[in-house]
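Visitor: One structure, as structure tokens, below. Some questions next.
Coordinate-derived values only; no laboratory data. Model, not experiment: these values are computed from the prediction. Note that each Cβ is placed from the backbone with ideal geometry, even for glycine, and that neighbours are counted across all protein chains shown.
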Amino acid sequence: MRSGAKVAIVGGVFVVVASGVGYGGYNLWNGITGGSGGTTGMSGSDERKTGPVTSEEVTSTARDFLAAWAAGEPDRASQLTNNPVDAGPALAGFREEAKVSAVTITPGAPTGSGTSVPFTVKATVTYEGVSKPWTYTSELTVVRGLTTGRALVDWKPTVVHPKLTSKTATIRTGGAKTGEIQAVDRKGRVLTAEKYPSLGPVLAQLRERYGSTAGGRPGVEVFVDPGVEGAPDTTLLTLAKGEPGRLETTIDADVQAAAEKAVARHGTASVVAVQPSTGAVRAVANSSPNGFNAAFEGKKMPGSTMKIVTAALLLEKGLVKADQAAECPPTAMYHGRTIGNLDGFSMNGATFGKSFARSCNTAFIKKIDDVKETEGDDSGLAREAREVFGIGLEWKTGIRSVDGSVPEATGGEAAAQYIGQGTVQMNPLNMASITATAKAGVFKQPYLVAADVDDRTFATAERKLPASVARQLRDMMRLTATASYGTAVGPMASVRGSDKGAKTGSAEVDGQATSDSWFTAFADDLAAAAYVEGAGHGATAAGPLVAQVLNAD
């Protein structure tokens with residue numbers, strides 16, 4: 001039996017305190033609500049309310065729900081939600097699986113439109129004789145039930161805890177599945193999520209993958225079990241510390257710090273830095289609030305940054321040369337699809353190198369038929385991406401990563417691919433690697449943890465860039481970064497490297513008013529690529545972000 005439950009007004013705020021297990025919930029419930037259900041719609045009246053919930057309904061529904069939850073009455077609490085089937089087990093698990101032995105829940109004042117109620121949970125977790133306090137905040141929203149007209153809590157797993165972001169996830173307390181790790185950068189400096197917030201998801205994956213082999217000893221934790229095979233747990237509270245095992249990564253703490261500051265200026269941004277000579281990842285950062293590592297796992301159209309690959313294809317086939325004239329009309333049509341240049345500019349008679357530096361779309365589209373003649377089909381770009389730049393191979397970076405995609409396409413879709421639109425899918429990791437390949441002349445698979453740590457086999461490209469092609473490609477990227485007409489000259493002016501090159505990009509996304517901003521560049525032996533959602537031209541948002549990262553090396 002529980003040792004007691006009390007309801008009180010503390011500082012004008014309703015507070016429910018309950019402790020122990022095996023609660024006498026019926027009497028407690030009646031004591032709180034007067035046995036009538038109050039304004040929650042449980043009075044037995046057949047009258048069905050309509051319209052927005054009132055402030056009184058919000059307050060009383062939130063109060064009664066939190067009271068039942070705190071008292072250890074998941075069945076009653078779930079009936080105050082619009083999804084009792086899911087809410088009941090989740091609320092029961094809070095006690096049974098998370099091992100919560102006592103809890104106080106304190107609601108705050110309604111926020112927003114007045115239907116959301118923040119609250120603070122102060123719990124005690126007890127496991128095998130060890131107890132520890134646990135405090136966090138969450139929020140609930142009150143809505144009107146569609147069929148009953150009652151005011152109900154709009155059920156989401158995040159009501160229980162903000163880290164419960166899916167139906168399969170549960171909070172558990174017990175021995176950790178894997179030992180802790182102490183991840184260090186390439187110079188032995190300790191990397192923590194507190195100091196480098198973007199590394200939180202990365203460190204969680206590293207622990208999941210290497211915690212059992214890095215020599216550490218598991219501790220006792222409260223953690224979110226995602227309920228998805230291969231997905232890492234998220235630690236919420238440590239009851240008893242384990243012994244961490246040391247894991248060396250390729251991260252450079254200085255470059256990582258710069259990347260963290262750079263992405264923080266944008267709502268949704270990602271950046272990756274890679275060393276061209278080795279493939280070692282020096283930084284990975286995201287500003288996305290949901291913890292998704294878009295820098296490694298995202299799938300977005302890269303816009304004109306893809307022209308690095310397209311230019312390599314055209315150069316390899318002998319269809320263009322950096323210092324020879326190329327057509328650059330205002331528009332070009334291919335299989336019924338018209339593609340134009342920014343603001344309709346044209347540069348007939350200009351070199352292909354200048355067309356690359358100014359990002360002339362039509363100079364690339366005009367060569368598609370010539371590529372088709374030499375290749376025999378429309379798949380030349382897909383082959384170039386895979387055979388030279390390693391796109392579409394199985395990269396084994398040390399954590400989850402997506403290695404890009406250039407599907408075989410025909411007609412107008414093939415034209416869109418030439419300028420990084422359509423079905424091309426990339427992320428900053430892929431674009432940083434493409435830039436690193438252009439700089440080094442050969443693909444080096446990016447990696448975060450050395451291959452010999454777990455005997456991984458790195459992906460290798462079928463062939464490297466011919467020396468003359470690599471030289472021309474680098475020269476064109478240098479023009480883009482340094483020539484007065486280059487689209488990347490603004491951001492790259494501040495980059496200190498003695499040898500630097502770049503490519504800008506903007507990807508037009510259906511249903512999105514402003515294009516995504518892309519930028520990729522190298523400076524000496526560091527390459528970086530960034531993506532900023534809905535930020536416009538590549539030099540405007542993503543460019544300064546990359547420049548800041550390159551200057552940190």
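Visitor: Among 61, 135, rank each residue by its count of other Cβ atoms within 10 Å, from fewest to most, as a rough exposure measure.
Guide: Ranking 61, 135 by Cβ neighbours within 10 Å, fewest first, gives 135, 61.
Visitor: Using mean Cβ contacts within 10 Å as the protection proxy, how do 67-80, 343-356, 309-322 order, highest first?
Guide: 67-80, 309-322, 343-356
Visitor: Rounded to the nearest 20 Debye, what is the dipole magnitude of the chain about its Cα centre when Lys and Arg each give +1 and Asp and Glu each give -1 at the C-beta?
Guide: It comes to approximately 960 debye.
Visitor: Expected output is a single nm value to one decimal: the length gained when fully extending between residue 193 and residue 56, i.e. 0.36 nm times separation in residues minus the C-alpha distance. What is it?
Guide: Here the segment from residue 193 to residue 56 would lengthen by 45.2 nm.
Visitor: So, one more: Farthest toward the dipole's positive end in the chain, which of 191, 235, 446, given Cβ charges of +1 (Lys, Arg) and -1 (Asp, Glu) about the Cα centre?
Guide: Checking the options against the dipole of the chain, the answer is 191.
Visitor: Could you work out how far helix 307-316 tilts from the main Cα principal axis of the chain, as a 0 to 90 degree angle to the nearest 10?
Guide: Compared with the principal axis, the helix lies near 30 degrees.
Visitor: I want the antiparallel fraction of DSSP beta bridges within the stretch 47-195, as a percent rounded to 5.
Guide: Close to 95 percent.
Visitor: Right, here's the next one. Exposure proxy check: 360, 328 ranked by fewest other beta carbons within 10 Å?
Guide: Taking fewest neighbouring Cβ atoms as first place, the list is 328, 360.
Visitor: Here's a follow-up. With equal scatterers on the alpha carbons only and no solvent term, can you work out the Debye log10 of I(q)/I(0) for the stretch 379-445 at 0.12, 0.15 1/Å?
Guide: Listed by q, the Debye log ratios stand at -0.29, -0.45.
Visitor: Percentage of Cα-Cα pair distances in the chain greater than 40 Å, rounded to whole percent?
Guide: 40 percent
Visitor: Here's a follow-up. Efficiency by 1/(1 + (r/R0)^6): what FRET value for residue 460 and residue 513, r their Cβ-Cβ distance, R0 = 56 Å, to the nearest 0.05?
Guide: According to the calculation, E is roughly 0.85.
Visitor: Could you tell me which residue out of 359, 164, 287 lies farthest along the dipole of the chain toward its positive end? Charges go on the beta carbon: Lys and Arg +1, Asp and Glu -1, centred on the Cα centre.
Guide: Toward the positive end, the furthest listed residue is 287.
Visitor: Most exposed first by the Cβ proxy, i.e. fewest other Cβ within 10 Å, how do 189, 386 rank?
Guide: Ordered by Cβ neighbours within 10 Å, fewest first: 189, 386.
Visitor: Now for a different question. Calculate the FRET efficiency for residue 467 and residue 265 from the Cβ-Cβ distance with a Förster distance of 56 Å, rounded to the nearest 0.05.
Guide: E between residue 467 and residue 265, to the nearest 0.05, is 0.90.
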